[in-house]
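Novice: Next up is a structure, given as structure tokens.
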Amino acid sequence: MRYPGQQYGKVAINSMNELVKEFKGIFDPPSPEVEILERLDPHRLPQHIAVIMDGNGRWAEQRHLPRMEGHRAGIAAVRAIVETAARLSIPVLTLYAFSAENWKRPRSEVSQLMRLLKEYIRKELPTIQKNNIRFQTIGRVDVLPSSVRRELKIAEEETQGNGGTRMVIALNYSGRLELVDAFNRLLKDAATYPVDEEDIEKSLYTKGLPEPDLLIRTSGEMRVSNFLLWQIAYAEIYVTEVLWPDFRAGHLLEAIVEFQRRDRRYGGIHFASLQST
Ligand code: FPP
């Protein structure tokens, strides 16, 4: 189905027909995925989807495999979700790949995860490039092994002119440390007192990106795990029991359908209720 350099998501999706056409050859009728696609409103797609990819270990455990096999299988899910987000022309997709707390894992798991990340970038860069995806990282990336930093730098530099989906990988990331870094930046830049929300936003790793409007967590845990603490203030949270290595395009589409079903009030009240008061 996929090959390096394959092209998708070239046009902005303006109608249901365009949406179904974008997925032609991937999902063809009759299929449950086409039914989900037909329930999507192309005019109300999320602007930023953030994902807590969880459950790799449990996936491997269920199969009596080493944990690493779960992470390896998780790469297929990463590919599918990046491809789907690009096909839908979702402006930003942020994936939580390695938290600042993940250093507590066995040294061999950490080093294999780093290796997997390098392999992924090397293998996928042509496809990322061809599909106009811009690659970016957030987190305290400067302390990652130099060989990883090298691959990340190449991917960031080679894709910096791309205007399609922004693929953001959170690495050695912690929401609290991001705020610590932001406050220190403000102090260093001698920000004028009092600072406001905009000052803080401009000092975050996600400067310039829209806030996530949809936060997806796989494998059923009801936690935000120190992810994008400032940015998810108004995000719709969608938790699925599906383990990350099993998560595919159809699951992402289902999450978006559910997102579109929600009534987002941002602390206000719904328009219909306003008319009846
Ligand atoms: C959580 O599962 C997953 C991670 C900590 C790592 C996620 C990494 C990948 C999917 C591969 C590399 C990523 C990219 C973007 C190329 P867990 O191990 O905590 O699972 P468990 O809770 O079932 O033990």
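Bear in mind that the values in this text are calculations on the coordinates, not laboratory data. Quick caveat: nothing in here was measured; it's all calculated off a predicted structure. Cβ: placed from backbone, ideal geometry, glycine included. Neighbour counts: every protein chain shown.
Novice: In segment 186-277, what chymotrypsin sites (Phe, Trp or Tyr not before Pro) fall in a loop by DSSP, with at most 14 other Cβ atoms inside 10 Å?
Specialist: On the way: sites: 205, 227, 230, 234, 238, 247, 259, 266, 271; in loops: 205, 227, 230, 234, 247, 266.
Filter output for segment 186-277: 234, 266.
Novice: Sticking with this structure for a sec: Distance between Cα centroids, segment 215-272 to segment 15-89: provide it in whole Å.
Specialist: 14 Å
Novice: Taking the chain as a Gaussian network, Cα atoms linked when under 10 Å apart, which of 216, 90, 26 shows the biggest mean-square fluctuation?
Specialist: Comparing 216, 90, 26 in the GNM, the peak value goes to 26.
Novice: Just tell me the longest site-free run in the chain, where the sites are GluC sites (Glu not before Pro) in a DSSP loop having at most 14 other beta-carbon atoms within 10 Å. Could you put the intermediate results ahead of the total?
Specialist: Numbers: sites that count: 221, 241.
Within the chain, the longest run free of exposed GluC sites (Glu not before Pro) spans 1-220.
Novice: Here is a further query. Test of understanding: express the Cα radius of gyration of segment 22-261 as a ratio to 2.2 N^0.38 Å, with N the residue count. Kindly include the intermediate steps, with their values, before the conclusion.
Specialist: Numbers: Rg = 18.0 Å, N = 240, 2.2 N^0.38 = 17.7 Å.
This ratio for segment 22-261 stands at 1.02.
Novice: Also: As an exercise, use a Förster radius of 22 Å and the Cβ-Cβ distance of residue 158 and residue 119 to find the FRET efficiency, rounded to the nearest 0.05.
Specialist: Working: r = 17 Å, r/R0 = 0.77.
The formula returns an efficiency of 0.85 here.
Novice: While we're looking at this one, here's another question. Go ahead and estimate [θ] at 222 nm for the chain from helices alone: -39,500 (n - 2.57) per DSSP H run with n ≥ 4, summed, over the residue count, rounded to 500.
Specialist: Working: 10 runs with 120 residues, N = 277.
After summing the helix terms and dividing by residue count, I get -13500 deg cm²/dmol.
Novice: Also, I was wondering about something else. Go ahead and collect, in residue order, the members of segment 180-208 whose backbone nitrogen is under 17 Å from a label point 7 Å along the Cα-Cβ direction of residue 233.
Specialist: Only 180, 182-183, 194-208 fall inside the zone, counting backbone N under 17 Å.
Novice: What is the set of long-range amide H partners of residue 169 at a cut-off below 5 Å, with H atoms built 1.01 Å from backbone N?
Specialist: Counting only residues 5 or more places away or on other chains, the set is 95, 136, 137, 138.
Novice: Using a 10 Å cut-off around each Cβ, can you sort 202, 21 from fewest to most neighbouring Cβ atoms? Please list the in-between numbers first.
Specialist: On the way: 202 15, 21 12.
The most exposed by this proxy come first: 21, 202.
Novice: Excluding residue 157 itself, what net charge comes from residues whose Cβ is under 14 Å from its Cβ, given Lys and Arg +1 and Asp and Glu -1?
Specialist: Working: positive: 134, 149, 150, 153; negative: 151, 156, 158.
For residues surrounding residue 157, the net value is +1.
Novice: In Å and on Cα atoms, what radius of gyration and Dmax does segment 76-178 show?
Specialist: That works out to 13.4, 38 Å for Rg and Dmax.
Novice: Turning to a different aspect of this structure: Using Cβ contacts closer than 10 Å as the measure, can you line up 137, 84 from fewest to most? Working shown, then result.
Specialist: Working: 137 21, 84 26.
By the 10 Å Cβ count, ascending: 137, 84.
Novice: For residue 223 paired with residue 62, estimate the spin-label separation in nm (one decimal), with each label point 7 Å from Cα along the Cα-to-Cβ line.
Specialist: 2.0 nm
Novice: Suppose a student asked you for the relative contact order of segment 72-169, using Cα pairs under 8 Å spaced at least 6 residues apart; what percent would you report? Show your work: numbers first, answer last.
Specialist: Values: 95 pairs, mean separation 40.7, N = 98.
Result for segment 72-169 is 42 percent.
Novice: Compute the length gained on full extension between residue 146 and residue 39: take 0.36 nm times their separation in residues and subtract their Cα-Cα distance, giving the result in nm to one decimal. Please list the in-between numbers first.
Specialist: Values: separation 107, 0.36 × 107 = 38.52 nm, distance 4.53 nm.
Using 0.36 nm per residue and subtracting the Cα-Cα distance, I get 34.0 nm.
Novice: Taking 8 Å as the Cα distance limit and 6 or more residues as the minimum spacing, I'd like the relative contact order of the chain as a percentage. List each step's numbers first, then the result.
Specialist: Numbers: 420 pairs, mean separation 71.1, N = 277.
The value is 26 percent.
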